[in-house]
1. Among the residues of segment 249-268, write down those that are surrounded by 24 or more Cβ atoms within 10 Å (Cβ to Cβ) and among the acidic types (Asp, Glu).
2. Would you check if there is a residue in segment 320-337 being charged (D, E, K, R), modelled with pLDDT of 95 or more and under 14 Å from GLY286 (Cα atoms)?
3. Got at least one residue in segment 94-106 being hydrophobic (A, V, I, L, M, F, W, C) and on the phi > 0 side of the Ramachandran plot?
4. Has segment 298-317 got at least one residue that is among the acidic types (Asp, Glu) and either touching a strand residue (DSSP E or B) at 6+ places or on another chain (Cβ under 9 Å) or within 29 Å of LEU125 (Cα to Cα) (or both)?
5. Would it be correct to say that ILE184 is more than 30 Å from SER240 (Cβ to Cβ) and crowded, with 21+ Cβ neighbours inside 10 Å?
6. Looking at ALA30, ALA16, which one is over 15 Å from ASN365 (Cα atoms) and among the small types (Gly, Ala, Ser)?
7. Tell me which residues, restricted to segment 232-252, are closer than 18 Å to GLN162 by Cβ, in a helix (DSSP H, G or I) and either modelled with pLDDT under 95 or not small (Gly, Ala, Ser) (or both).
8. For segment 41-61, state whether one or more residues are more than 25 Å from ILE271 (Cβ to Cβ), out of contact with any strand residue (DSSP E or B) (no Cβ under 6 Å at 6 or more places or on another chain) and of a type in the set (D, E, K, R).
Amino acid sequence: MKVHGTVAPGFEPVRAAFARNFAERGERGAAVSVHHAGRHVVDLWAGTRDVDGGPDGAPWEHGTAHIVRSATKGVAAAVPLLLHQRGQLDLDAPVARYWPEFKAAGKDQALVRHVLSHRVGVPALDRPLTPAEAADPDTGAAAVAAQRPAWAPGTDHGYHAQTYSWLVGELVRRVTGRGVGRWIADEIAGPLGLDLWVGLPDAEVGRVGRIGPVEAPAVPGVPRVRARRAVADAYADPGSLTRRAFAAISPSPDENDPAYRRAELAASNGIATAAALSRFYAALIGEVDGAARLFTPETVALAATEQSAGPDRVLVINTRFGAGFMLHGPASPLLGPASFGHPGRGGPLAFADPSTGTAFGYVTNGLRKSVTSDPRAQALVQAVRSAVRSVV
């Protein structure tokens, strides 16, 4: 498989790991990007832009974008944190201060901070939304506002896989009058020149490849690793909070459907290039190409400060969250203890590591069953870790 793009001296291990993903880990099409100390040091892509090769085996090109699933959450999390940084949103205020309807059904004590740290207690809906309903911000907001929480807000945590879209989206809309995707376009992606959208414009449709499932290749002599029984049982049980959280939109939307991609879903349907993701995270923690950083040091500390930790009532593993971002840990290994970012279910990953001035973005069209720790992304992270140590 021919790998295209460039790496700076010292970052050659990332190219080698990327090539091995195609040779040994079943990669079909992907891109990886790394910024370090404000410089773009890795920019690689290879394979085909569609998981099945497409009708003509169209190659992945520089600038090819793909849906990144829950890696969208990290991009969306920057919006309430920037609003907080600007004095427009108080993380310790009740959600109902900005969104009065949300206090229904025992959620009057829910804080904005609880929304960002997956502690607000509404990861599932009693009545799932159809894909068309999910795309309507009014319907989604009304559903989570009316929902009785699965636990008292602030007392526990569980991954809000789908409902994060309407929780964050409606807070942003109430405070700014703009949808979360519009705000990202106006205040982040536009000024930074990012090929990144939450709500894909029709003019960009031709740049985006199709995604699909791929199986991890069997390695001779090595048995396939099965999910832990508790996790497997939770996903298999239709009545479990796990299954209900991921099925808050039912039936599952077609992620290649243009209508789905046009929606502004802060939890799940962001579309980006790998380079846009790493540039975004680089801009959170420092200057990039002369552009002013987005987060103050205080906001960086807030993003990376643990808000939730331990057994996750939805993912059924131990997870760690800061204010809107997943933190480094066994469930989602990032570069190191200071890292914050977000994986996407089945592969995509993006994060920043302020301690080393590193930002990372990985996008793939072949999505697997993993939720937080894909072996292809982890191979790249390990290579970046090695490279950063060698150049510091």
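The values are calculated or read from the model by the stated rules, or taken from the named source; none is laboratory data. Everything quoted here is computed from the prediction, not taken from an experiment. Heads up, the Cβs are rebuilt from the backbone with ideal geometry, glycines too, and the neighbour counts pull from every protein chain shown.
1. Result: GLU264, single match.
2. No, the conditions are met nowhere in segment 320-337.
3. Within segment 94-106, one or more residues are hydrophobic (A, V, I, L, M, F, W, C) and on the phi > 0 side of the Ramachandran plot.
4. For segment 298-317, residues among the acidic types (Asp, Glu) and either touching a strand residue (DSSP E or B) at 6+ places or on another chain (Cβ under 9 Å) or within 29 Å of LEU125 (Cα to Cα) (or both): present.
5. yes
6. Every option except ALA16 fails the conditions.
7. Within segment 232-252, ALA234, TYR235, LEU241, THR242, ARG243, ARG244, PHE246 qualify.
8. no
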